[in-house]
Every structure is written in structure tokens, then in C-alpha cells.
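Engineer: Here you go, one structure.
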Amino acid sequence: MRYLSTRGLPGDPELGFWDILLEGLAPDGGLYLPSEYPRVGPARLAEWRSLLDEQGYAALAHSVLSLFIDGIPDEDLRGICERAYNGEVFSDPAIVPVTDLGDGMKLAHLSNGPTAAFKDMAMQLLGQLFEYELTRRGAELNILGATSGDTGSAAEYAMRGRHGVRVFMLTPAGRMTPFQQAQMFSIDDPAIVNIAVDGVFDDCQDLVKEVAGDLAFKERYSLGAVNSINWARLVAQVVYYVAAWLRVTTSDDQVVSFCVPSGNFGNICAGHVARMMGLPIRDLVLATNENNVLDEFFRTGVYRVRSSAETQATSSPSMDISKASNFERFVFDLLGRDGVRVRALFGDELARHGSFDLSETPEFATLREHYGFVSASSSHANRVATIAATWRRSGVLIDPHTADGVGVAVRFTEPGVPMVVLETALPVKFAATIVEAIGREPDRPAAFDGLEDLPRHVVDLPRDAGALKALIASVVDG
């Protein structure tokens with residue numbers, strides 16, 4: 001398996017998995033994708049069904065990931081998967097159980113990991129992969145990332161204590177819930193540096209890209225990425241699409257649809273990859289909140305990023321994103337894997353105009369037919385009503401982001417086609433909205449008792465790449 005950049009030019013070299021694992025962005029500013037997607041058919045799906053039933057999620061992960069990861073002894077990759085996905089790390093031994101919400105709708109539970117968010121599904125694997133490769137190289141890595149809520153805590157819990165790894169995680173000051181802040185800022189570890197930036201998530205993400213774009217600084221300080229720009233994190237998410245599909249089907253050609261709450265396009269991009277591989281997916285339903293840049297594109301063909309001032313603070317804050325970094329991967333496929341066109345759109349046109357328009361292209365005209373994407377947005381009132389209705393109907397309590405998904409999914413359900421909504425987090429992370437919806441606090445797992453009362457460890461920083469570089473240098477150089 002070889003990998004190329006979404007902004008690559010004809011003749012550019014293709015790289016192996018271990019060459020791109022620690023890199024994040026490609027040197028040309030693009031994102032890595034396989035040079036071609038592996039294809040699976042009914043026979044392989046039947047094999048995976050038996051594997052999941054008989055040996056569990058870790059065995060399925062090993063088999064799926066083997067299609068994308070070479071250059072490692074098979075027993076080593078199996079051990080990595082077993083250490084990432086087990087009953088000690090995840091509170092449910094099924095790892096990804098599925099609940100029936102009625103009327104053909106299913107809920108795939110992805111929040112049984114240590115930080116109660118779906119980001120643990122990929123981060124636990126990434127932590128194992130990083131430690132394995134850094135040990136093999138005798139090297140160190142300084143992870144630079146940005147979070148709108150859950151990526152940061154999942155990364156820090158997955159990376160803390162790993163040999164040779166530091167984490168510098170940017171957060172938008174005051175934009176996360178008290179629980180989300182406490183999960184990160186309560187970590188007292190010199191290798192974990194939390195940074196609160198005066199701005200929104202997109203400002204944090206821009207700083208990460210600007211610093212990573214300084215190739216000399218990146219090399220000197222061994223910078224890597226854990227955001228979903230990192231291919232290894234995204235491919236880990238492909239596994240739970242396969243697992244959820246297996247758990248809601250009885251035949252190896254049965255079609256299902258998935259509804260995915262999405263802000264940065266990473267989660268649903270993994271579904272796109274699974275569909276391109278041949279997993280029988282009818283529709284990929286993208287659900288946004290009031291920050292609807294992605295919904296606008298799939299409805300109109302216009303991709304227009306919003307300014308910080310235009311980015312609303314909502315009750316599903318992890319999706320308060322108006323510049324979806326993973327979207328470039330899908331556009332690369334949509335445009336026939338033409339790196340020159342992608343470079344022009346994302347490297348030039350967005351920089352000059354803040355938008356681009358594909359509405360009149362033949363590719364956009366056949367987008368749903370070829371790729372299955374549909375979309376809609378949700379509001380605070382929708383979220384609250386959906387949380388309350390789901391609780392009354394099924395006794396299942398969902399968080400606001402998942403509620404965005406459930407509320408949108410209803411608009412696209414079809415008779416005979418299961419609709420699987422991907423859960424994003426446990427309700428405990430968003431207590432204020434839950435109280436508004438059902439009149440009481442969500443249950444709190446014992447592991448999180450007293451979290452908000454712990455001392456905070458966070459550095460305040462202006463929206464300035466120079467200041468961020470100086471902080472990284474001071475920590476690394478001692």
C-alpha cells in the first residue's frame with residue numbers, strides 16, 4: 001500500500017504507511033490518501049462477520065488495518081490492535097455495541113473509551129502505533145494539535161506515558177464545556193501542554209497548519225499530528241463502520257445508511273473510505289449544527305469558509321467549525337484525484353476568495369449517485385427536542401452532537417434500509433443541555449467524579465504562530 005498527497009503533482013513519489021504516520025500534513029500542504037483503495041466483496045465481508053463474532057473487535061481491526069498497513073510483522077500489528085481495543089481500555093467488551101432506537105434507526109455506541117468520546121476509537125490505536133514506531137526508530141515526537149472539544153482529551157489520554165512523546169494541544173479559550181476543559185486541563189504531566197488560544201477552533205487549526213508549514217521548524221522540533229489530518233487516525237475509524245455494518249445486517253450484501261454528526265469531516269470521511277472499499281453503504285448523511293459550511297456545500301456546491309466572527313458558539317460545540325480540514329480528501333476523490341485542481345482550489349482559490357464553487361461541474365451533478373452524500377443542519381431547538389424525544393421513546397440518552405445526527409437522520413430514512421447514527425460522546429460532557437432537554441443531570445460515570453474541581457494546567461496564548469513556536473521551543477529545549 002502506497003500513499004500520495006491530495007496536492008501531489010504527476011511524478012511525485014508515493015510513500016509507505018510508516019513514512020507518513022508521524023507526518024500529519026504532506027510537505028506540499030496536502031493530506032495523504034492511499035494511491036488506491038483496497039476493494040472488499042461479499043467473501044471478505046463474510047470472513048469479517050465470523051471474525052467479529054468469534055474473536056471480537058481487535059481481531060476485526062487487525063484484519064481491516066492489514067489492508068492499509070504493511071512493513072510490520074503481522075504479530076506486531078495484531079498486538080497493537082489487542083492493546084488498543086480491549087475491556088480494560090473500553091468499558092464495553094463489544095467496543096462498538098449497537099442499540100435499536102426504533103423505526104429502522106440504530107445507534108452505534110462509540111463513546112466507551114477513557115474520555116467518553118468517539119475520538120478514543122482512533123486515538124487509542126494511534127498511541128500504540130506512535131510508540132511502536134518511535135521505539136523502532138529510537139526517536140521522539142512532539143505532537144501539535146488543535147481541538148474543538150474531544151480530540152484533545154482523547155489524544156492526551158492516549159499519548160500520556162508513551163515513550164518519546166510530548167503533546168502540545170491548542171483549544172479555543174472559553175469555547176468548550178466545563179467538563180471538556182476539565183478533562184484536559186486537569187492532567188498534571190510535563191509532557192502534556194494545554195494551550196488556550198484567544199479565538200475559535202479554526203484559529204487554533206490555522207496556527208497548527210502555519211507552524212507545521214514551517215518545514216525547518218517542523219524538522220528541528222520533530223512535530224507530528226494527531227488531528228484527523230493524520231491518515232492513521234482516519235483509517236482507524238474505518239474499522240467501526242465495518243463493525244457497525246456487521247452488527248446491523250444479516251447478509252453480506254445488505255445495504256445500510258450512516259448518519260454522522262460532522263464539523264471537520266474526519267468521521268464521515270472514514271465512512272467515505274469504507275464505501276469506496278465496497279462496504280454496502282447507501283447514503284452517507286452528514287449532519288451539521290448552525291455552523292453549516294459542509295451542509296451548504298452538499299446542497300449547493302459552494303464551499304465557503306466562515307470567519308471567526310461568523311462562527312457561532314453552539315450547544316454542540318465540538319462541531320463549531322467552519323473550515324473542515326478533512327474535506328480536501330473527499331474533493332480529491334470527487335475531482336478524479338487531480339492534485340493540480342485540488343492544489344488550485346485549496347491552496348490558491350480559498351486563500352484569495354475564502355470560497356470555491358463546484359456547482360456547475362459534472363462531478364457535483366453526480367455527487368450523490370457516485371458517493372452517496374446527502375446533508376442537513378440542526379439547531380439548538382432541534383437538539384433539545386431530539387434528546388427529549390429519544391429519551392421518552394427508547395430510554396436512550398444522547399448527547400447534543402448525537403442529537404444533531406438523530407434529528408437529521410429522520411429526514412433521510414428509507415423503508416428496509418437501516419439508518420445507523422454514529423454516537424459522538426456520552427451525555428455527561430454536556431450536562432447543561434441535557435438538563436434543558438429532560439429536566440435532570442445525566443448520569444456521571446464514577447471515573448469522572450470531582451473532575452471539574454481538580455487544579456487546572458493550561459497556558460494562555462495569543463493567536464500568533466511566533467508565540468506558539470517560542471512556547472514549543474522553550475519546552476523542548478528546556
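Engineer: Quick one: count up the residues across the stretch 383-436 that are surrounded by 17 or more Cβ atoms within 10 Å (Cβ to Cβ), more than 16 Å from residue 106 (Cα to Cα) and not hydrophobic (A, V, I, L, M, F, W, C).
Structural biologist: Residues meeting the conditions: 5.
Engineer: Take the residues of the stretch 332-364 that are aliphatic (A, V, I, L, M) and in contact with a helix residue (DSSP H, G or I) (Cβ under 6 Å, 6 or more places away or on another chain): which is farthest from residue 32 (Cα to Cα)?
Structural biologist: Once the filter is applied, the top-ranked residue is 358.
Engineer: Something else: Can you tell me which residues in the stretch 139-162 are among the acidic types (Asp, Glu), modelled with pLDDT of 90 or more and buried (at least 24 other Cβ atoms within 10 Å of the Cβ)?
Structural biologist: 156
Engineer: Has the stretch 150-161 got any residue that is under 24 Å from residue 199 (Cβ atoms), of a type in the set (S, T, N, Q), in contact with a strand residue (DSSP E or B) (Cβ under 8 Å, 6 or more places away or on another chain) and part of a helix (DSSP H, G or I)?
Structural biologist: yes
Engineer: Return the only residue of 19, 28 being part of a helix (DSSP H, G or I), surrounded by fewer than 18 Cβ atoms within 10 Å (Cβ to Cβ) and touching a strand residue (DSSP E or B) at 6+ places or on another chain (Cβ under 9 Å).
Structural biologist: Answer to the check: 19.
Engineer: Check residue 369 against each of (1) touching a Cys at 6+ places or on another chain (Cβ under 6 Å); (2) of a type in the set (D, E, K, R); (3) without any contact (Cβ under 8 Å) to a residue 60 or more places away in the chain and name the one condition it does not meet.
Structural biologist: Only one criterion in (1) touching a Cys at 6+ places or on another chain (Cβ under 6 Å); (2) of a type in the set (D, E, K, R); (3) without any contact (Cβ under 8 Å) to a residue 60 or more places away in the chain is unmet by residue 369, namely (1).
Engineer: What number of residues within the stretch 56-70 satisfy the criterion of being farther than 18 Å from residue 43 by Cβ and surrounded by fewer than 18 Cβ atoms within 10 Å (Cβ to Cβ)?
Structural biologist: Total satisfying the criteria: 1.
Engineer: Something else about it: For the stretch 133-153, name all the residues that are touching a residue at least 12 places away in the same chain (Cβ under 8 Å) and out of contact with any Leu (no Cβ under 9 Å at 6 or more places or on another chain). First the steps, then the outcome.
Structural biologist: Residues of the stretch 133-153 touching a residue at least 12 places away in the same chain (Cβ under 8 Å): 133-135, 139-153.
Scanning the stretch 133-153 gives 135, 148, 149, 150, 151, 153.
Engineer: Return a yes/no flag: does the stretch 75-98 have any residue that is part of a strand (DSSP E or B), of a type in the set (A, V, I, L, M) and touching a residue at least 12 places away in the same chain (Cβ under 8 Å).
Structural biologist: Looking only at the stretch 75-98, we keep the residues that are part of a strand (DSSP E or B), and these are 98.
Filter again for of a type in the set (A, V, I, L, M), leaving 98.
If we keep only those that are touching a residue at least 12 places away in the same chain (Cβ under 8 Å) too, we end up with 98.
The answer is yes; a qualifying residue exists.
Engineer: So which of 343, 392 is in a helix (DSSP H, G or I), more than 21 Å from residue 268 (Cβ to Cβ), in contact (Cβ under 8 Å) with a residue 12 or more places away in the chain and of a type in the set (D, E, K, R)?
Structural biologist: Result: 343 is the single residue among 343, 392 that is in a helix (DSSP H, G or I), more than 21 Å from residue 268 (Cβ to Cβ), in contact (Cβ under 8 Å) with a residue 12 or more places away in the chain and of a type in the set (D, E, K, R).
The values are calculated or read from the model by the stated rules, or taken from the named source; none is laboratory data. Keep in mind it's a predicted model, so treat the numbers as computed, not measured. Counting neighbours? That spans all protein chains shown, and the Cβs are built from the backbone with ideal geometry, glycine included.
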